[in-house]
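Working notes, beginning with the structure itself.
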Amino acid sequence: MRVLVVDDERNIRHTLRVCLEGLGCEVREAATPEAALAALAQGPADLAFVDLRLGNASGLELLPRLLAESPALDVILITAYATFDTAVEAVKRGARDYLPKPFTPAQIRHVLERAKAQRELTSHLGDLEGQLAQAVPEATLETASPAMHAAIGFIQRAAASDAAVLLRGESGTGKGVLARALHSMSARRKRPFVTINCPTLSEQLLASELFGHARGAFTGAVKDQPGRVEQAEGGTLFLDEVAEMSPALQAQLLRFLQEKQFERLGEGRTRKADVRVVAATHRDLEKDVAEGRFREDLMYRLNVLEVKLPALRERPEDLLPLARRFIAFFAKAAQRPAPELSPATEAMLRAYPWPGNVRELRNALERALIVGASGVVEPQAFPERIASSVGPGVTLGGPHTLEAVEREHILRVMASVPTLDEAARLLGIDASTLWRKRKKYEADAKPEA
């Protein structure tokens, strides 16, 4: 790592240089604020050790100037006058941590390892975001819907604050896309955007995933592990389907929102984190509060700023433009020309109610591109539940076999959720049983040779 040491005492600079170079670092020294800024102007640094008192100057005053020159710089304040107030002020001004004098080589090594781990984590998250952008259709906020325009406009205004935001709307309406957009518009955009999907984990695992755990906290916890809150330091934490949290975990989340404090599972030490929380849910929280499933005080803490996303059926003007964008994306991924949507297909897409919203539309068009072989996408390339929307379909109480009704219900549930496991959970059957049914439906849908 490239390290800048800023201290007016030559012995301290020399000690730090020897220690850091012994750990494989490239080290530059500076005795004054001006020399520190000049050193930074000559080339970037990853980490800076900055003394609190630099002769007649202040390291606290230097902090924002260093970060203005190099926003990605991690600054460690070093001082012989360590107090709680000094530490708090240093963090407020952008320091990553502070180190009291006198310090030992072991303490320097620990600080360096933590800084390396944080940078590796940030880099890894950036790689994952890049992979995600390549793996799914590019998120766009282009819309002709007045309701969607209003939601996006509110998000743009909300981005200027650090208040908690609650995104409400049916599953598949794009709450995750809007949460990421909010982060990218905010002053936290250069820090991590971290997502946690609340329904996918048990209470203990969700607590560990959110706040981290200490070694030995539970079976399999072989080492200390930071949680998503720590990973999101300085950035945004997105809690998807927050209403699925257990009451005990709701209480922990409430404390974190109120005090910005938390403890890792199995550890007594209280930690702090500077994180903006964005939550999402498709549930009626007021009803859950009335029935005792969700804490009223937590609802109000999360609901400082509320955004309601319209369902896809409520924004018909966006349906066909979205469909064409998805088709173009999947065609490009398959390295083939983008096909056209036939007039019959467009009529079918407009007639179908899209209970799974944008997620269902995306999945249906990906399937249609795979099944369809020509340059025009016809209704036959879509699942029967969608293709039948322009004619007689399967309805409860209608003249249909039980098998047909079951098939229709299973396909609709699968289209409305992101994973096979979640669909199986909603249907109350084993994932292996659902997998076999899906394979049968796909085989039935293939045209005969």
Considering only the stretch 180-192, state which residues are under 20 Å from ALA151 (Cα atoms) and of a type outside the set (Lys, Arg).
ALA181, LEU182, HIS183, SER184, MET185, SER186, ALA187
From the list ALA68, ALA36, ALA57, which one is of a type in the set (A, V, I, L, M) and closer than 19 Å to VAL111 by Cβ?
ALA36
Within the stretch 67-89, the residues that are out of contact with any Gly (no Cβ under 8 Å at 6 or more places or on another chain) and assigned to a helix (DSSP H, G or I) are ALA68, GLU69, PHE84, ASP85, THR86, ALA87, VAL88, GLU89
Looking at the stretch 276-287, which of its residues are open to solvent by less than 30 Å² (accessible area, probe 1.4 Å) and not β-branched (Val, Ile, Thr)?
ARG276, ALA279, ALA280, LEU285
Take the stretch 348-377 and flag every residue that is of a type in the set (A, V, I, L, M), closer than 26 Å to HIS409 by Cβ and open to solvent by 40 Å² or more (accessible area, probe 1.4 Å).
ALA351, ILE370, VAL371
Test of understanding: among ALA364, ALA311, which residue is more than 30 Å from ALA160 (Cα to Cα) and either more than 22 Å from the chain's Cα centre (by Cα) or not aromatic (Phe, Trp, Tyr) (or both)?
ALA364
Applying the selection to the stretch 288-320, what residues are of a type in the set (Val, Ile, Thr) and crowded, with 21+ Cβ neighbours inside 10 Å?
VAL307
Which condition from (1) in a helix (DSSP H, G or I); (2) within 30 Å of ARG228 (Cα to Cα); (3) open to solvent by less than 10 Å² (accessible area, probe 1.4 Å) is the one that ALA323 breaks?
(2)
Filter pass, LEU253 being touching a residue at least 60 places away in the same chain (Cβ under 8 Å) and touching a Leu at 6+ places or on another chain (Cβ under 9 Å)
no
Name the single residue, out of those in the stretch 157-174 being over 18 Å from LEU298 (Cβ atoms) and not in a loop (DSSP other than H, G, I, E, B), that is most open to solvent (accessible area, probe 1.4 Å).
ARG157
Subset of the stretch 293-303, residues assigned to a loop (DSSP other than H, G, I, E, B) and of a type in the set (D, E, K, R), comes to ARG293, ARG295
What are the pairs, 6+ residues apart or on separate chains, where a residue within the stretch 224-237 that is more than 8 Å from GLY212 (Cβ to Cβ) and in contact (Cβ under 8 Å) with a residue 40 or more places away in the chain has its Cβ under 7 Å from a residue that is assigned to a helix (DSSP H, G or I) and of a type in the set (Val, Ile, Thr)?
LEU237/VAL229
Hey, PRO247 hits all of (1) touching a Lys or Arg at 6+ places or on another chain (Cβ under 9 Å); (2) crowded, with 17+ Cβ neighbours inside 10 Å but one; which does it fall short on?
(2)
Is it true that some residue in the stretch 30-39 is part of a helix (DSSP H, G or I) and touching a Ser or Thr at 6+ places or on another chain (Cβ under 7 Å)?
no
List every residue pair whose Cβ atoms sit under 9 Å apart, with the two residues 6 or more apart in sequence or on different chains, where the first one lies in the stretch 11-27 and is touching a residue at least 24 places away in the same chain (Cβ under 8 Å) and part of a helix (DSSP H, G or I) and the second, anywhere, is among the acidic types (Asp, Glu) and open to solvent by less than 60 Å² (accessible area, probe 1.4 Å).
ILE12/ASP51; LEU16/ASP7
With criteria (1) out of contact with any Pro (no Cβ under 9 Å at 6 or more places or on another chain); (2) open to solvent by less than 80 Å² (accessible area, probe 1.4 Å); (3) in contact (Cβ under 8 Å) with a residue 12 or more places away in the chain, SER342 comes up short on (1)
Matching residues, the stretch 413-449, being part of a helix (DSSP H, G or I), open to solvent by 40 Å² or more (accessible area, probe 1.4 Å), under 19 Å from GLU241 (Cβ atoms) and modelled with pLDDT under 80:
LEU420
Is it fair to say THR200 is over 24 Å from ASP162 (Cβ atoms), of a type in the set (Ser, Thr, Tyr) and either surrounded by fewer than 18 Cβ atoms within 10 Å (Cβ to Cβ) or free of Cβ contacts under 8 Å to residues at least 60 places away in the same chain (or both)?
yes
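The values are calculated or read from the model by the stated rules, or taken from the named source; none is laboratory data. Note that the structure is predicted; figures quoted are calculated from it, not measured. Glycine also receives a Cβ, built like all others from the backbone with ideal geometry; neighbour counts cover every protein chain displayed. For the accessible areas, the whole protein counts, side chains as well, though only heavy atoms, and no ligand, DNA or RNA atoms are used. Shrake-Rupley method; radii C 1.70, N 1.55, O 1.52, S 1.80 Å.
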